[in-house]
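Throughout, read-outs are computed from the coordinates displayed, never taken from laboratory work. Since this is a predicted model, take the numbers as computed values, not measurements. Here the Cβ is made from the backbone with ideal geometry for all residues, glycine too, and neighbour counts use every protein chain on show.
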Amino acid sequence: RYTSTRAFLATLNEMNDYAGQHEVISENMTSLITGELTRYVQELKQERKSHFHDGRKAQQHIETCWKQLEASKRRFERDCKEADRAQQYFEKMDADINVTKADVEKARQQAQLRHQMAEDSKAEYSSTLQKFNSEQHDHYYTHIPNIFQKIQEMEERRIVRIGESMKTFAEVDRQVIPIIGKCLDEITKAAESIDHKNDSQLVIEAFKSGFEPPGDIDFEDFTQPMKRTVSESSLSNSRGDGKSEPKFGSKSKGKLWPFIKKNKLMSLLTSPHQPPPPPPASASPSAVPNGPQSPKQQKEPLSHRFNEFMTSKPKIHCFRSLKRGGAGPEDFSNLPPEQRRKKLQQKVDELNKDIQKEMDQRDALTKMKDVYIKNPQMGDAASVDHRLAELGQNIEKLRLEVQKFEGWLAEVEGRLPTRSEQARRQSGLYEAQNTPAVNSCAQDRESPDGSYTEEQSQETEMKVPATDFDDEFDDEEPLPTIGTCKALYTFEGQNEGTISVAEGEMLYVIEEDKGDGWTRIRRNEDEEGYVPTSYVEVYLDKNAKGA
């Protein structure tokens, strides 16, 4: 219902579409960029491996040529040295007169042979050197540059492909930008649609109580010796039959409950205004360890009514009690008038919907029965009579329920003030218009300070979400326990602010008797109240704060 909630929901929906566009980007990048680049990288690896293999082959070839050149050179050098030695040996032999002519001829032939071998080695070395120079030129000016050129071209293609992938990514992203922009525009539109005034008004309409502000309190003239006459809204109004009536003078205080810390005033606001009852007659004085019963105090009418105005423990302390849930009364009498009217109207609408469903089923079964009667072979008409009877009974029960809730709704709508009545209604007139039956009903649901309450054994059926507003004002803390007590007798707490105890029951003490004959105790977190001091045996904890 609230514009802020609808705007948040719309934002979540747009964020879903926004995330969907990112998924589209991811899918396109996977198929168009990541997959293609993976295949291309594998191709580049194979090509790079091939180029490196060609380079290694060229290097091995030039090294082989170099080794051949070195071998030819060493052979040429060796043959030249041997030719020189053979020549020197021949000259030596030729100069020696003691050597025979045959030895000289042999030396000469050996020298010629070595010279011939040197010439052959020289020719071979020259040929090998020319061949090596040619291979070396081709290696450094043809083969190796070609290999490096191919590697360079491969690297340039890789760089170009990276640029193309980046461009593809930009194109993929650009395709979804209009949709993302539309999502952002919708989010902005949703944010601008929030109407704080409307939301506040919805909260007011949902939780307004329907209580009427109290009228003016009449002036009481205490200078007159005669018995003074007071208005029904006065604080000194007599108790009548002993039952407290709703007082508008205290309703304004009740409306301040969520905004004050109540523990500071709880001792004044919750103490019973009646003197405690005496213990059972069968009890001996020795069985009452707390001393004699507090005497009944006589009070003047004004102070008596003022004490009544300030007492009686409220049962709804804050907004948190509205969110507990649980089984409340069927007529929602624990709720304020406006909330009760809404709940009753909702219940009537639900019952009418249930009646319509039952009637639709009955009409369908009636048509089926007519078909069975006309065509017995399709089914037994008597088989649906039992179900029709059940539906008739259900419809009758639902109609009775509707009448009951409509009666309560009419009662509430008759009691709710209209705008024209608010201007002219005064406190005395409003009190006079309430019938005794209405007052007795309201007493059960209103605390003496005007706020609707709920019974301690039941919870309201309203489910109000926990909010910061609730936590901000619900900052009171429960009173600490100062000891324990044991119930000596059974006490039926029938007045406001009291609590029922059973004989022998152990409870916690949270406030001592302050001279009025009442002790405040606690059973559990939700149940506390006053019992007569003479009905319990108190064991105070000396270390407890406030004991």
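Results, tabulated for the structure shown:
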| quantity | calculated |
| --- | --- |
| Q152-I204 FRET efficiency (beta carbon distance; Förster radius 60 Å; 0.05 resolution) | 0.15 |
| FRET efficiency estimate (nearest 0.05) - Cβ-Cβ, H53 to I25, R0 56 angstrom | 0.85 |
| Ellipsoid equivalent to region 483-540 - semi-axes via the Cα gyration tensor, in Å | 13, 13, 12 |
| Signed unit charges on C-beta, dipole axis of region 3-184, positive-most listed residue N16, T3, I177 | N16 |
| Residues Y140 and K67, FRET efficiency given R0 of 22 Å [Cβ-Cβ distance, rounded to 0.05] | 0.80 |
| Packing-based order for 209-222, 526-539, using average beta carbon neighbours within 10 Å, highest first | 526-539, 209-222 |
| Two-site label geometry, D370 and V160: point separation in nm, points 7 Å out along Cα→Cβ | 8.3 |
| Extension gain (nm, one decimal) between I97 and Q377, 0.36 nm per residue minus Cα-Cα | 85.0 nm |
| Added length on full extension, which subtracts the Cα-Cα distance from 0.36 nm per residue, K182 to D526 | 118.5 nm |
| Largest-first principal axis extents, alpha carbons of region 3-184, Å | 139, 22, 19 |
| Selection from I373, L398, F332 lying farthest towards where the dipole of region 332-413 points positive, charges on Cβ | F332 |
| Relative contact order (percent, whole number), region 332-413, Cα cutoff 8 Å, 6+ residue spacing | 45 |
| Projected label distance in nm at Q88 and L12, using a 7 Å step from Cα toward the beta-carbon | 11.0 |
